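Presented below is the structure to which this report refers.
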Amino acid sequence: MQRLVSVPKSDLESLESTVETLQNKTVMEQLEKSERDIKEGRTRNIDKFIKELKKGQ
């Protein structure tokens, strides 16, 4: 049995973007690494990070 579902265009575009992201091996590897970094405490305070960026200019 087939059913028709109506979805707003913006929701469909968002779902398509999500699927693209999930299929992109490089992006997924980067996300997984970021999650490990957060869990293992390898993070920086945003203010300190911005100051470091400005010093490098």
**Report entry** Options LEU22, LEU31; residue that is in contact with a Ser or Thr (Cβ under 9 Å, 6 or more places away or on another chain) and surrounded by 10 or more Cβ atoms within 10 Å (Cβ to Cβ)
**Finding:** LEU31
Query - Flag if VAL7 is of a type in the set (A, V, I, L, M), assigned to a loop (DSSP other than H, G, I, E, B) and surrounded by 10 or more Cβ atoms within 10 Å (Cβ to Cβ) - result: yes
Query raised in the report: List pairs: first in segment 14-32 and free of Cβ contacts under 8 Å to residues at least 12 places away in the same chain, second surrounded by 10 or more Cβ atoms within 10 Å (Cβ to Cβ) and not in a helix (DSSP H, G or I), Cβ under 8 Å, 6+ apart or cross-chain?
Result: LEU15/VAL7
Report task. Examine segment 8-15 for a residue that is among the basic types (Lys, Arg) and modelled with pLDDT under 95, and state whether such a residue exists. Result -> no
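Looking only at segment 45-57, which residues are within 20 Å of the chain's Cα centre (by Cα) and either surrounded by 10 or more Cβ atoms within 10 Å (Cβ to Cβ) or assigned to a helix (DSSP H, G or I) (or both)?
Within segment 45-57, ILE46, PHE49 qualify.
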Query raised in the report: Just to be sure, is ASP37 of a type in the set (Asp, Glu), surrounded by 10 or more Cβ atoms within 10 Å (Cβ to Cβ) and either part of a helix (DSSP H, G or I) or under 19 Å from the mean Cα position of the chain (by Cα) (or both)?
Result: yes
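The values are calculated or read from the model by the stated rules, or taken from the named source; none is laboratory data. Quick caveat, the model's predicted, so the values are computed rather than measured. Note that each Cβ is placed from the backbone with ideal geometry, even for glycine, and that neighbours are counted across all protein chains shown.
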